[in-house]
Amino acid sequence: MTSVSGGWHMHLGLLEDLLSGSARRGFWSGHAKLEAEYAARYAGLPEPGGAD
């Protein structure tokens, strides 16, 4: 879940860069940072599809 969330966030950021004419941010370095942020956000939540 963290990788998918970070990927969507990163791709939307790249689209924003493209549309605004800004220099494009580095994908993998940015994705790694976002993945860590989402991991912290999701910490303590039950895994999807896990038993209650």
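Over all other residues within a Cβ to Cβ distance under 14 Å of GLY13, the charged ones net out to -1, with Lys and Arg as +1 and Asp and Glu as -1.
For percent of Cα pairs over 15 Å apart, the choices are (i) 61; (ii) 58; (iii) 52; which was calculated from the structure? Calculated percent of Cα pairs over 15 Å apart: the matching label is (iii).
Would you mind getting the accessible area per residue of the chain, heavy atoms of the protein chains only, 1.4 Å probe, in Å²?
Numbers: 4040 Å² over 52 residues.
Heavy-atom SASA per residue in the chain reads 78 Å².
Couplings 3J(HN,Hα) for the stretch 29-44, derived from phi with the Karplus relation 6.51 cos²θ - 1.76 cosθ + 1.60 (θ = phi - 60°), are 5, x, 5, 4, 5, 5, 4, 5, 5, 5, 4, 5, 5, 8, 4, x Hz, where x marks Gly and Pro. Among the protein heavy atoms of the chain, carbon and sulfur supply 60% of the accessible surface, probe 1.4 Å, non-protein parts ignored.
The values are calculated or read from the model by the stated rules, or taken from the named source; none is laboratory data. Since we're looking at a predicted model, the values are computed, not measured. Don't worry about glycine lacking a Cβ; one is built from the backbone with ideal geometry, like all the others, and counts go over all protein chains shown. Heavy atoms of the whole protein, side chains included, go into the accessibility calculation; ligands, DNA and RNA do not. Shrake-Rupley method; radii C 1.70, N 1.55, O 1.52, S 1.80 Å.
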